[in-house]
Every structure is written in C-alpha cells, then in structure tokens.
Amino acid sequence: MVRTQIQLTEEQSEKLRRLSLEKHESVASIIRKAVNLYLSSGQRDRSDLFRIAETVLGKYESLETDISLKHDRYLEKDLGS
C-alpha cells in the first residue's frame, strides 16, 4: 500500500470517525472503500456519452410537434408526477 495524506473538513472527519466506530472498521479502510467505489462508478468521458446518445437519436418517433417548447409538461405526464 501507498501512504497518502489528505485533508478533511471537521464534519467529514467526525462523520468518518462515527462510521468507523459504528462499523468496527478503520477510517482508512472506509476511505479505501469509498475511493474504490468512486473509481469503479463507470465514469465515462464526453466522447463515450456522445456515442451513447447517438445510438438513440431518432429511435423514438413522437406525434407531438411542440416537445422542445413543452418538454416539462410531457415529462411530467409520462412520469406521472
């Protein structure tokens, strides 16, 4: 392992300390798990996101002609909010 020094806010430090006591696990172990979770969260670069978006462009037809003006209304209707 590589030793690394970081600075945390008082609040972050306190929350980590409490979590450490609650889980009977070291703060370092909790931080390592958080870093692993962040690194494996599937971060994609911008070109990947554009490539994904292009695969659905034009895939769904709509009978509505005012979607760009009333998108919130249609979204609310579809989500049932």
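The values are calculated or read from the model by the stated rules, or taken from the named source; none is laboratory data. Here the structure is a predicted model, which is why all the values come from computation and not from measurement. A quick note on method: Cβ atoms are made from the backbone with ideal geometry, for glycine too, and the neighbour counts reach across all protein chains shown.
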Looking for something modelled with pLDDT under 95, assigned to a helix (DSSP H, G or I) and either touching an Asp or Glu at 6+ places or on another chain (Cβ under 7 Å) or loosely packed, with under 10 Cβ neighbours inside 10 Å (or both) - is there at least one such residue anywhere in segment 8-15?
no
Those residues of segment 17-52 which are loosely packed, with under 11 Cβ neighbours inside 10 Å, modelled with pLDDT under 75 and in a helix (DSSP H, G or I), in sequence order
LEU49, ILE52
